[in-house]
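Notes follow once the structure below has been shown.
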């Protein structure tokens, strides 16, 4: 059965629109990572907050993890650790994000599941009052209650995922001097 020229044109237009709409969606399911592929990219704090209908980035925006979480008690097959520099921050009220921290090691793969994640971040000078820190993987961001700790909040997520640190400082003024980042590290145990 042949389509009329008009119907065929409408079908092509509909298909183009569907493809464009699908391409604009940010979908990062754990199952989409295959062995040998790159690890799933971590989402940005802005994307996470927008996806969850919350445009604020203050302490009430997402669950704050003080490091006392009891999750991650499952069997552990291995762990990896990697670090990057914390970002330099120049203005209050702006979300700053570290570079992606990729998993290291030959034991981690697309079937691995995260158990526990430890973190540590620092700056070259004392951080100002009102700083909020977050740790994000491909699926979620959690607020960090301090400069170091560990959490089970990512338990069960795909272990073959990058992480990023994100920071925002309350207010709207420029920082003078800028807050210079130092080391940011994650230690991820996985099964």
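The values are calculated or read from the model by the stated rules, or taken from the named source; none is laboratory data. This structure is a prediction, so every number in the text was calculated from the model and none was measured. So basically every Cβ, Gly included, is an ideal-geometry build from the backbone, and we count neighbours across all protein chains shown.
Among the residues of this structure, residue 133 does not count as one that is free of Cβ contacts under 8 Å to residues at least 40 places away in the same chain and more than 19 Å from residue 81 (Cβ to Cβ). Residues in region 91-137 that are buried (at least 21 other Cβ atoms within 10 Å of the Cβ) and in contact with a helix residue (DSSP H, G or I) (Cβ under 7 Å, 6 or more places away or on another chain): 134, 136. Residues of region 129-157 that are out of contact with any strand residue (DSSP E or B) (no Cβ under 6 Å at 6 or more places or on another chain) and either closer than 23 Å to residue 172 by Cβ or part of a strand (DSSP E or B) (or both): 129, 149.
Within region 167-188, one or more residues are in contact with a helix residue (DSSP H, G or I) (Cβ under 8 Å, 6 or more places away or on another chain) and over 27 Å from residue 78 (Cβ atoms). When the residues of region 156-170 are filtered to those that are touching a residue at least 60 places away in the same chain (Cβ under 8 Å) and more than 23 Å from residue 87 (Cβ to Cβ), which remaining residue is surrounded by the fewest Cβ atoms within 10 Å (Cβ to Cβ)? That would be 157. Residues in region 39-67 that are out of contact with any strand residue (DSSP E or B) (no Cβ under 9 Å at 6 or more places or on another chain) and at pLDDT 80 or above were compared, and the one that is farthest from residue 92 (Cα to Cα) is 51.
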